[in-house]
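Novice: Structure below; questions to follow.
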Amino acid sequence: MQSFVYEYATKVYFGEGAAREHLAQAVSGFGQNVLLAYGGGSVKKNGIYDEIKGILEDAGKKVTDFSGIMPNPTYAKVQEGAALAKKEGIDFILAVGGGSVIDCCKIIAAQAKTDRDLWEMEMTDHQFPTEVIPMGAVVTASGTGAEMNGGAVITNEEKVIKAGMAAAAPRFAILDPAYTASVPASQVMSGAFDTLSHAMETYFGKSDQDNVSDDVALAIMRNTVVNMRRLQKNVSDMQARGNLMWDSAMAENGILKVGRVTDFQAHQMEHQLGAYTDCNHGQGLAVIHPVYYRHILKDTRGKFQCFGKAVFGTDTAEDAVDALGAFIMECGLPTKLQELKSKVEITPEILRKVADTCNIISSNPRELSRDEIYDILMECM
Ligand code: NZQ
Ligand code: ZN
């Protein structure tokens, strides 16, 4: 294990009825003016909005709505939210949604406290926010684990970059599996695949032998696969959704990352693909992962073997990657870039741009060249 400092920022309330039971008390320590942020309207249809707003108002809060946060949230949407938060003198931000709403709010929380352009501050000056509006998260679609970490992934449309930013970590997270009941099956699967990806991406970073972080990552992967299979039989299996909800938080709350470096090259490719295409995050990962893993298989054969044995019951490194590919098909996730919903036609020229702009990781089994990233993306066609 490498040296580490680990601190937990987020208090978690898990279980059916968690908002009804805990939200009023969870927000009680913060100020009166609450920004209630959500996405494109699912929370209005399924009744979550009414329930949350009612709880906040009964708790004596003045609620300001901020709606329309899109999947793959944009930097422009962050600026809109930050301007509203400043104008209304917001004391607390409550994100009600999936990873996109939560991420957007994390950056709004920081942008509302500074007149500097947060993107330039972080990406160019490598300075990070020290003051934020406190925020909390009510998760309505699981998979990213965004509710339990201080990072956010934002698309800067002007610069055509989708990148991770450092921001506010939620002070609390409400995880009620029943709140995910209305999530469409395809999003349930792509969210769960994102969770699997997070655990894999952590596991395949270079690490010393026999560290507990690797063993925990394998357990998360195995459990995610088991529960994704349960949902294939019955998409309304709420126990399986609850199990996946906690897998999601566990995979990205930092616990798997202590004492080690990570890979996350597949994520870097997918994020830049998202910048150009606005594709669904989990679906993009499903296409990229098997192809990327075939490229790096020979660089960490033993780990692929352990992964296959623990997660899919396979013997060889090659079998492990084949099993992952077969599992992706079994879940009805896309296996080719052409199957992704994209705002532009995905062409070799677009993929060259993705390869030329994506982050390159050096803590993965082998650092890739831009040409190899392009080859990987072309093999995904
Ligand atoms: O916008 P609404 O109408 O709410 O619909 C959403 C959206 O269309 C819908 N949805 C959410 N809850 C629902 C529901 N539909 C019905 N019933 C409900 N209860 O689901 C759709 C997708 O939502 P989104 O938040 O975009 O999905 P997800 O949670 O997968 O988040 C994806 C974003 O998170 C980033 C991704 O890059 C992407 O931008 N990530 C964030 C991470 C983090 N902060 O730690 C890590 C990840 O690797 C990831 O990059
Ligand atoms: Zn992810």
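The values are calculated or read from the model by the stated rules, or taken from the named source; none is laboratory data. Source: prediction; values computed, not measured. Using ideal geometry, Cβ is built from the backbone for each residue, glycine included, and neighbour counts are taken over all protein chains shown. We work out accessible area using only protein heavy atoms, side chains counted, and drop any ligands, DNA or RNA first. Shrake-Rupley method; radii C 1.70, N 1.55, O 1.52, S 1.80 Å.
Novice: So for the stretch 147-158 (the condition being of a type in the set (A, V, I, L, M, F, W, C), modelled with pLDDT of 95 or more, near ligand 1 (Cβ under 10 Å from one of its atoms) and open to solvent by less than 10 Å² (accessible area, probe 1.4 Å)), does at least one residue qualify?
Specialist: Yes: one or more hits.
Novice: Hey, does the stretch 174-187 have a residue that's modelled with pLDDT of 95 or more, touching a strand residue (DSSP E or B) at 6+ places or on another chain (Cβ under 8 Å) and near ligand 1 (Cβ under 9 Å from one of its atoms)?
Specialist: yes
Novice: Right, S186: surrounded by fewer than 23 Cβ atoms within 10 Å (Cβ to Cβ) and within 21 Å of L333 (Cβ to Cβ) or not?
Specialist: yes
Novice: If you take just the helices (runs of 4 or more DSSP H) that sit entirely in the stretch 218-320, which of them hold at least 3 residues that are closer than 30 Å to K162 by Cα and within 16 Å of ligand 2 (Cβ to nearest atom)?
Specialist: Counting at least 3 such residues, we get 238-252, 265-277, 281-296.
Novice: Is it the case, given these coordinates, that E339 is of a type in the set (D, E), closer than 22 Å to T195 by Cα and open to solvent by 60 Å² or more (accessible area, probe 1.4 Å)?
Specialist: So E339 passes the test.
Novice: Looking for something touching a Pro at 6+ places or on another chain (Cβ under 7 Å), within 13 Å of ligand 1 (Cβ to nearest atom) and in contact (Cβ under 8 Å) with a residue 12 or more places away in the chain - is there at least one such residue anywhere in the stretch 9-27?
Specialist: yes
Novice: Also, I was wondering about something else. Please work out which one of (1) open to solvent by 10 Å² or more (accessible area, probe 1.4 Å); (2) part of a helix (DSSP H, G or I); (3) within 15 Å of ligand 1 (Cβ to nearest atom) is the condition D215 fails and give its number.
Specialist: Here D215 clears every test but (3).
Novice: Report, ordered by the first and then the second residue, all pairs with beta carbons closer than 7 Å, sequence separation of six or more or different chains, a first member in the stretch 208-236 that is among the acidic types (D, E), and a second member that is open to solvent by less than 70 Å² (accessible area, probe 1.4 Å).
Specialist: Close Cβ pairs (under 7 Å, with a partner that is open to solvent by less than 70 Å² (accessible area, probe 1.4 Å)) amount to D214/Y203; D214/S207.
Novice: In the stretch 302-329, what count of residues is obtained for those that are loosely packed, with under 15 Cβ neighbours inside 10 Å and either touching a Lys or Arg at 6+ places or on another chain (Cβ under 8 Å) or modelled with pLDDT under 95 (or both)?
Specialist: Qualifying residue count for the region: 1.
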